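The values are calculated or read from the model by the stated rules, or taken from the named source; none is laboratory data. Please read these numbers as outputs of a predicted model, since none were measured by experiment. Cβ coordinates were reconstructed from backbone atoms using ideal geometry, including for glycine residues, and neighbour counts include every protein chain displayed. These accessible areas exclude ligands, DNA and RNA; they are computed on the full protein's heavy atoms, side chains included. Shrake-Rupley method; radii C 1.70, N 1.55, O 1.52, S 1.80 Å.
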Amino acid sequence: MSEQQDQEQVDEGSEVADEGVRIAVPEFVADKDDPFASDLLDRGPRVRLLCDFARSVSDHAVIAVDGEWGTGKTAFLRMCKAYLDQQEVRVAEFNAWTESYTTDPVFNLASALAEVMEEDRLAKIIEAAKAIGVAAGKSLPFKVGDVVSEAAEMIAQNQAFPGGLPEYRDCVRRFKEALEQEAARADGPLLVLVDEMDRCLPQQVVEYLGAVHNLLAVPGVVVVLAINLEQTAKGLEAVYGSAYGSERYLQRFFSLRMTLDGAVETDGLLPLIRQLRGHFGDDVESAGSADFIDYLLSIPAMASRGSLRDLQRVGQALQLTAAVGFGQKTGLNASDQGNLTQLLLVALALLVLRQLDEKLYREFMEGKKSASEVMLGLRNRLPADDRHLPIVARAATAYLDVLGDALGTPAITEDQYQEVASRYGLQRGSGGYEDYCRFVGSVRGHLRAGMSRQVLAAVEMANDWPNIYLRT
């Protein structure tokens, strides 16, 4: 980056927009008129492949959409739903995390099927699900809609199967028969999309997988289940022990698996990063800082192999820092507001550090680690080679170096800079130590006395703002 670009980046400011506080990043939306309009990671081909295969299944299948936390499994299923709606395929959606209204997974799944079932078979399904839940000693403590309310009343009157195991088996048979009749009433299968399974407790995961395996395994029903198989296996082992064989146990439930690779290159994430930046508003959208914000946001993406939720967390933290940390409580004066973009850029570097390594962040904030030590400590968290890394690392180093003034840590020496430069490849197009010092000087020129402390306080305030507000 040239000195002129450095200066443009530092000089660029923006006015504070009085449009209310926006913290949450809007959820991903997929519409059947254009299912892939928001598909910034080019997952459309995989969605089509999976859905077209599922539509062709004539018997039964359970397909795992396997991905690490934050790799976009929910967005993937939403595109599946929109695409299938476009093809006029019957789809039932179920969120195992937010829609577990009762303690009985069978009844919860049956309730999710209600919207796509005809009334006569719905009654049979609910009756059978109710009976199975009673036999297993479950309870339905909540009343959610007419269907659940009716079943709760029925369960209150029936505490067990008088006929024992044969009667229980008969209920299971009636459940599966009613479901098979429902699946056969139209061309193509009935698809059941199950999301957020890996957020449930291990015992709940076992129960839901058992329900899918034993009760939804009928011709014409295809289940697509979003799950992090690796973490689910670890959770099962933590509860049942390493001898449980959790990976082999999980494999038995799935006909096939489609993996959502979280290791997305930074260039592939840039469209998503830019969309995220677009939600921040004018405070952080100025022309001179937009690219640099993208580069800084790419750091947590690189560190977490493309975790979309890590990106969202940093973005939300920046919003909260702008709204709370630089709001009325800290009271930026008129002259400071012209530097708001620069303040937010420095704050963003600090927020990225906090997201990547809370311990290292705390040591820096307490003056125990210098900027050079922090940057060297982060290096192993980032990919070996990324073309954006030298640009981002140089700026982050300078921002932390300037903040170190207020924390009592010494400025980076030439030898320390050379070590950081060697580890991050800063020699490529970033100039030497003298150029770095000029850049640091321009940052210091905008963070006048006291403003570094204001950035540090703003980030801390946003991190713990309810307690800080209550104490003041």
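Give Gly288, Gly306 a once-over and let me know the one that is at pLDDT below 70, open to solvent by 10 Å² or more (accessible area, probe 1.4 Å) and either of a type in the set (Phe, Trp, Tyr) or outside any helix (DSSP H, G or I) (or both).
When all the criteria are applied, what remains is Gly288.
Identify all residues within segment 418-435 that are buried (at least 19 other Cβ atoms within 10 Å of the Cβ), in contact with a Leu (Cβ under 8 Å, 6 or more places away or on another chain) and at pLDDT 90 or above; write none if there are none.
Result: Val420, single match.
Just name the residue that is least open to solvent (accessible area, probe 1.4 Å) out of those in segment 44-84 that are of a type outside the set (A, V, I, L, M, F, W, C), outside any strand (DSSP E or B) and touching a Pro at 6+ places or on another chain (Cβ under 8 Å).
Gly44
Only one of these conditions is not met by Ala384: (1) outside any helix (DSSP H, G or I); (2) in contact (Cβ under 8 Å) with a residue 12 or more places away in the chain; (3) open to solvent by 40 Å² or more (accessible area, probe 1.4 Å). Which number is it?
Result: Ala384 fails condition (2) only.
Give segment 309-329 a look and list any residue that's modelled with pLDDT of 70 or more and not charged (D, E, K, R), or say none.
Across segment 309-329, the qualifying residues are Leu311, Gln312, Val314, Gly315, Gln316, Ala317, Leu318, Gln319, Leu320, Thr321, Ala322.
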